[in-house]
1. If I ask for residues that are within 14 Å of residue 237 (Cα to Cα), touching a Ser or Thr at 6+ places or on another chain (Cβ under 7 Å) and either free of Cβ contacts under 8 Å to residues at least 60 places away in the same chain or among the aromatic types (Phe, Trp, Tyr) (or both), which ones from the stretch 92-118 would you list?
2. Looking only at the stretch 246-273, count how many residues are over 12 Å from the mean Cα position of the chain (by Cα) and free of Cβ contacts under 8 Å to residues at least 60 places away in the same chain.
3. Looking for whichever is small (Gly, Ala, Ser), open to solvent by less than 50 Å² (accessible area, probe 1.4 Å) and modelled with pLDDT of 95 or more here; the options are 78, 37, 93. Which one fits?
4. Run residue 18 past the list (1) within 21 Å of residue 159 (Cβ to Cβ); (2) of a type outside the set (Val, Ile, Thr); (3) within 19 Å of the chain's Cα centre (by Cα) and report the number of the one that doesn't hold.
5. Could you say which residue among 237, 218 is touching a residue at least 40 places away in the same chain (Cβ under 8 Å) and within 15 Å of the chain's Cα centre (by Cα)?
6. For residues that are of a type in the set (Gly, Ala, Ser) and open to solvent by 40 Å² or more (accessible area, probe 1.4 Å), scanning just the stretch 298-341, find the one that is modelled with the highest pLDDT.
7. Are any residues in the stretch 200-253 open to solvent by 30 Å² or more (accessible area, probe 1.4 Å) and part of a strand (DSSP E or B), and if so, which ones?
8. In the stretch 105-152, what residues are open to solvent by less than 40 Å² (accessible area, probe 1.4 Å) and farther than 21 Å from residue 264 by Cβ?
Amino acid sequence: MAGLSVLILDRRTFPRKKACAGGITPKAMNVFAYDISGQIERVCREVRVCRPGGRSFTVREKVPLCYMTRRERLDSFSLNKAVSVGSRFLAVSRLCRISQTDRSVAVHTSDSCFTGRYLIGADGANSKVRQLAARPGNPYRVRKYPALEADVAVDPEHFPMEFDFSQGLPGYYWIFPKKDYVNIGIFAAPGSRAVTTGHLAAYAQKRLGNDRLCNIKGYPIGSGGSYGFPAQRPGTGRILLAGDAAGFAEPLLGEGIYFALKSGRLAAASIIRAIQDGGNALDAYHLSLARTRTDLRLYGLAASILYRFPGPSLGLARHRLMHSRFSKGYAAGLPLSRILFPF
């Protein structure tokens, strides 16, 4: 908190169902400022990868490759942590307008107004904060990758964590085993027409033997905020954008939690320094994102290769010498730039 007053605004009360598959990578676990081990339902040390043509290979490590949680419980737990150290939380009505001065920013809802020194917009790929903060003629561009997920009541012990690239779309289907059910979903490139409940139900029947989908959620994943030279500035004035609102999810597998945590912490640190030293928070935040942007650009390059040439790419990746470096790096919690360039 650094002695600052923090107000968290959301349109819904907690807990609430969050559109998220609930897979947390080791590097994301390392960014949490508090222990979330009590929110983990399953630890996955192997991942099955299905290649075009139905062939598959399995990546195994002795240490975790991914942690499974229920996002609504994790979010509620995280909110309570923030409140316990002095933050305030309010559920608000529709966001109508945002105004700024040289010293403050005001959030206007349909029935109230909240004023502070800075605003961090972390409201997802369809960010209303991003829309209202955009300068005329200079919008902040985010690419929206469609995703669809559902829960299926089958025994998770029979199904390992899986990424299936064999279904003929620029993207993949996933299977994430939880405590007492399996979460399945589709991640696809922008504009894909293969992200429907019918497609997901058919896949569930084929792979799980059960097409009764529960807790169906469709949502966009915000990416592309790191692209362009020079990179887009993640905000305007006293408004800083983080996570999917800034397009900081990676486009290869759609991971967003790590980049949301990382960018959120960098945004908060930049604000604290600006208040203490009198600098510009947005400038500091923009500079602090350099390594994060590098990672996201590398993911973008990898995605363009994988989804253009899925057969050869995954055929190469199936060899132990190829995927071992990446799996060990992920298990160690390293960002992609550190895995590829360890020096």
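1. Across the stretch 92-118, the qualifying residue is only 106.
2. 4
3. Exactly one residue qualifies, and that residue is 78.
4. (1)
5. 218
6. 304
7. 214, 215, 216, 217, 218, 219, 220, listed by residue number.
8. Hits for the stretch 105-152 are 106, 108, 109, 146, 148, 149, 150, 151, 152.
The values are calculated or read from the model by the stated rules, or taken from the named source; none is laboratory data. This is a predicted model, so every value here is computed, not measured. With ideal geometry, Cβ positions are generated from the backbone for all residues, glycine too; neighbour counts draw on all protein chains shown. We work out accessible area using only protein heavy atoms, side chains counted, and drop any ligands, DNA or RNA first. Shrake-Rupley method; radii C 1.70, N 1.55, O 1.52, S 1.80 Å.
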